[in-house]
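Q: Sharing a structure, written as structure tokens. Questions coming.
The values are calculated or read from the model by the stated rules, or taken from the named source; none is laboratory data. Quick caveat, the model's predicted, so the values are computed rather than measured. Virtual Cβ from ideal backbone geometry, glycine too; neighbours counted across all protein chains shown. In case anyone asks, the SASA skips ligands and DNA or RNA and just uses the protein heavy atoms, side chains included. Shrake-Rupley method; radii C 1.70, N 1.55, O 1.52, S 1.80 Å.
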Amino acid sequence: MSPPERARKTFDLSRHITAAVGAQKAYVPGDQPSESGWVKLNTNENPFPPSPRVAAAIRAELGTDAASLRLYPNPASAPLRAAAARYHGHGLGAENVLAGNGSDDVLNLLVRAFADASKPAGMLVPSYSLYPVLSGLNAAAMRTVPVGLDGVFDTAAVAASGANIFFLTNPNAPLGIAFAPEKIAEVLEAFDGLLVVDEAYAPFARADAVPLLTRFPNLVVTRTFSKAFALAGIRAGYALADAAVVAALDKVRDSYNLDRLAQAAAVAALEDRAYYDGITAEIKRARDAASAALRGLGWRVLPSEANFLMASPPSAVGKTPAETAAAVHAFFKSRKILVRYFPSNPVTAPFLRISVGSAREMETLLAAAAASADADSSSSAADAADAAPR
Ligand SMILES: *Cc1c(COP(=O)(O)O)cnc(C)c1O
């Protein structure tokens, strides 16, 4: 005999979810297609594999039977903190490093520790669109300061923003433009709050903010293994900061926030500087070559110190710059080339953000860029022909 049918219990989620989570729109990451065959230039992943030492370290951690996975990992990621301190030098010790499950985890910990309903967060616009999602989830207001396509922003506006924690992406994403260390020092002097310099792309830049840590206890520098270290799939990142800030973040994080394989991989990556110097130099050369080639096709390309280009195609006849960018984005997609497009902000809408991929991927991209101009001129020529009296 089957049990009697019962009516399904009702549960009104909207009445129970917290106001902050209920109101927040989810962050939308770039497409991660599951089929192969795409030229994937949309999420700034590295075209090179990680150091061979990474695979060796993961294999050593696993052994033949993965028995080590029975045991919890080092709770503080202590070997990784020590390796990161050694990697950067500048008198930093393990007490100045917090390891995270990707740098997005570190950013989340920073928001949870330093922003809430009475302590606003702040950011440059445009920059990384994850920050307002994290602040929103913690019921914190987000104060914004505009940055121009020339990379200029007003230090006094950051100081007057009322933010308790301010995110400065350097080099900026999505613009690719880097800020001078002197400018960052000026902000650190003027701003009465915690300044987070998100250095996801700093390994591709000429300078970084790490040397400023000795002078400014209100500075946090965040780094990721996802871009220059070619480990987006492993999920590891870290923050460098004053020991008191690190201790505060340690209270907030999960007690085992990096798994064994991630810790082993990240340490091995930091210990192979020669390999990463080589592939980083290669990516910078490819970036500068692609930038010159796009300019040759009439594109406007912002000066990039990252592993991507923010580039605007020449306006097609009868189309606005934003409409042109949308059309080229769609044209690329029709050729199975993914790039990032940010139409919601009028400043970024005329641009496409193109990751620097392998030599072959860049050839494919540049051929498509050339063909998009032909597609445009032939269609506008066709339009003109249609309009012309016969
Ligand atoms: C990619 C990126 C990160 C995130 O890196 P993960 O370590 O993969 O979480 C953080 N900030 C910016 C600006 C990025 O572009």
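Q: Describe numerically, in nm with one decimal, the distance between label points set 7 Å from Cα along Cα→Cβ at Ala117 and at Ala247.
A: Inter-label distance under the simple model: 3.0 nm.
Q: How far, in degrees from 0 to 90, does helix 260-270 lean away from the longest principal axis of the Cα atoms of the chain, to the nearest 10?
A: 70
Q: Separation between the Ile17 and Ala55 pseudo-spin-labels, each 7 Å from Cα along Cα→Cβ, expressed in nm?
A: Between Ile17 and Ala55, the label points sit 4.3 nm apart.
Q: Among residues other than Gly63 whose Cβ falls under 12 Å from its Cβ, what is the net charge (Lys/Arg +1, Asp/Glu -1)? Each step should come with its number before you reach the end.
A: Values: positive: Arg59, Arg70, Arg260; negative: Glu61, Asp65.
Net of charged neighbours comes to +1.
Q: Long-range amide H contacts for Arg300: which residues qualify at under 5 Å (H placed 1.01 Å from N, peptide plane, sequence gap of 5 or more or a different chain)?
A: Ser312
Q: Just the number, please: percent antiparallel of the DSSP beta bridges in the chain, rounded to the nearest 5.
A: Working: 18 of 37 bridges.
Looking only at bridges with both residues in the chain, the antiparallel portion is about 50 percent.
Q: Among DSSP beta bridges whose residues both lie in segment 52-271, state the antiparallel percentage, nearest 5. Provide the component values of the computation, followed by the final result.
A: Details: 10 of 27 bridges.
Roughly 35 percent of the beta bridges in segment 52-271 run antiparallel, per DSSP.
Q: Using the structure shown, select from Lys25/Lys284; Lys25/Lys119; Lys9/Lys251; Lys40/Lys319; Lys119/Lys251 the pairs with a Cα to Cα distance greater than 29 angstrom.
A: Details: Lys25/Lys284 35 Å; Lys25/Lys119 21 Å; Lys9/Lys251 38 Å; Lys40/Lys319 27 Å; Lys119/Lys251 19 Å.
Beyond 29 Å: Lys25/Lys284; Lys9/Lys251.
Q: DSSP loop (so not H, G, I, E, B), at most 11 other Cβ within 10 Å: list which trypsin sites (Lys or Arg not before Pro) in segment 117-208 pass both filters.
A: Details: sites: Arg143, Lys183, Arg206; in loops: Arg206.
Those satisfying the criteria are Arg206.
Q: Name the long-range amide H neighbours of Asn44: under 5 Å, sequence gap of 5 or more, or other chain; modelled H, no Pro or chain starts.
A: Ser355
Q: For Tyr87, Tyr238, what's the largest-to-smallest order of accessible area, 1.4 Å probe? Each step should come with its number before you reach the end.
A: Numbers: Tyr87 50, Tyr238 5 Å².
So the residues, ranked largest to smallest area, are Tyr87, Tyr238.
Q: On to the next question. Amide H neighbours of Val220 under 5 Å, at least 5 residues apart or on other chains, H built in the peptide plane: list them.
A: Leu195, Val196, Val197
Q: Once you treat every alpha carbon in segment 149-245 as an equal point and sum by Debye, what is log10 I(q)/I(0) at q = 0.21 Å⁻¹?
A: So the normalised log intensities work out to -1.10.
Q: What net charge do the residues around Leu212 carry, taking every other residue with its C-beta under 12 Å from that of Leu212, with Lys and Arg at +1 and Asp and Glu at -1? If you can, show how the numbers build up before the last one.
A: Values: positive: Lys183, Arg215; negative: Glu182, Glu186, Glu189, Glu199, Asp208, Asp242.
That works out to -4.
Q: Continuing with this model, one more query. Rounded to the nearest 10 degrees, what's the angle between the helix 78-88 long axis and the longest principal axis of the chain, both from Cα atoms, 0 to 90?
A: The helix 78-88 is inclined about 50 degrees to the chain.
Q: Still on this structure, please answer the following. Once you charge only the Cβ atoms, +1 for Lys and Arg and -1 for Asp and Glu, what is the size of the charge dipole of segment 52-271 about its Cα centre, to the nearest 20 debye? Walk me through the numbers on the way to the answer.
A: Values: 17 positive and 20 negative charges, 99 e Å.
Value, rounded to 20: 480 debye.
Q: A follow-up question, please. Would you mind telling me the share, in percent, of accessible area of segment 52-271 contributed by carbon and sulfur at probe 1.4 angstrom? Don't jump to the answer; show the numbers that get you there.
A: Working: 4500 of 8410 Å².
Whole-percent figure for carbon plus sulfur exposure: 54.
Q: Suppose only helical runs count, i.e. DSSP H with n ≥ 4. What mean residue ellipticity at 222 nm does that imply for the chain under -39500 (n - 2.57) per run, divided by all residues and rounded to the nearest 500 deg cm²/dmol?
A: Working: 13 runs with 154 residues, N = 390.
About -12000 deg cm²/dmol.
Q: Moving on. Using the Karplus curve 6.51 cos²θ - 1.76 cosθ + 1.60 with θ = phi - 60°, work out ³J(HN,Hα) for each residue of segment 133-150 in order, rounded to whole Hz, and write x for Gly and Pro.
A: Listing the rounded values in order: 5, 5, 5, x, 5, 9, 6, 9, 6, 10, 8, 10, 10, x, 10, x, 5, 8 Hz.
Q: What accessible area per residue, rounded to a whole number of Å², is obtained for segment 52-271 using a probe radius of 1.4 Å? If you can, show how the numbers build up before the last one.
A: Numbers: 8410 Å² over 220 residues.
For segment 52-271, the solvent-accessible area averages 38 Å² per residue.
Q: Taking R0 as 30 Å, what FRET efficiency do you get between Lys319 and Asp150 from their Cβ-Cβ distance, rounded to the nearest 0.05? Don't skip to the end; give the middle numbers.
A: Working: r = 25 Å, r/R0 = 0.82.
That pair, Lys319 with Asp150, gives E of 0.75.
Q: From the protein chains alone at 1.4 Å, what is the descending order of accessible area for Lys251, Lys284, largest first?
A: Details: Lys251 175, Lys284 65 Å².
The ordering from most to least exposed comes out as Lys251, Lys284.
Q: Using a 1.4 angstrom probe and counting only protein chains, how large is the accessible area of Asp242 in Å², to 10?
A: Counting only protein heavy atoms, the figure is 70 Å².
Q: In addition: For q = 0.09, 0.13, 0.14 Å⁻¹, what log10 I(q)/I(0) does the chain give under the Debye formula with an equal point scatterer on each alpha carbon and no solvent?
A: Taken in order of the listed q values, log10 I(q)/I(0) reads -0.59, -1.12, -1.26.
Q: Another question, if that's okay. Quote the relative contact order of segment 52-271 in percent (integer), defining contacts as alpha-carbon pairs under 8 Å separated by 6+ residues.
A: Values: 418 pairs, mean separation 63.0, N = 220.
For segment 52-271, the relative contact order is 29 percent.
Q: I'd like the Karplus ³J(HN,Hα) series for segment 302-316: coefficients 6.51, -1.76, 1.60, θ = phi - 60°, whole numbers in Hz, and an x wherever there's a Gly or Pro.
A: Values, residue by residue: 6, x, 9, 10, 10, 9, 8, 10, 9, 9, 10, x, x, 4, 6 Hz.
Q: I need the phi-derived Karplus couplings for segment 94-111: 6.51 cos²θ - 1.76 cosθ + 1.60, θ = phi - 60°, integer Hz, Gly and Pro marked x.
A: In residue order, the calculated couplings are 4, 5, 9, 10, 10, 8, x, 7, x, 6, 4, 5, 4, 4, 5, 4, 4, 5 Hz.
Q: What whole number of Å gives the distance from the Cα centroid of segment 32-56 to the Cα centroid of segment 65-130?
A: Here the two parts' Cα centres lie 23 Å apart.
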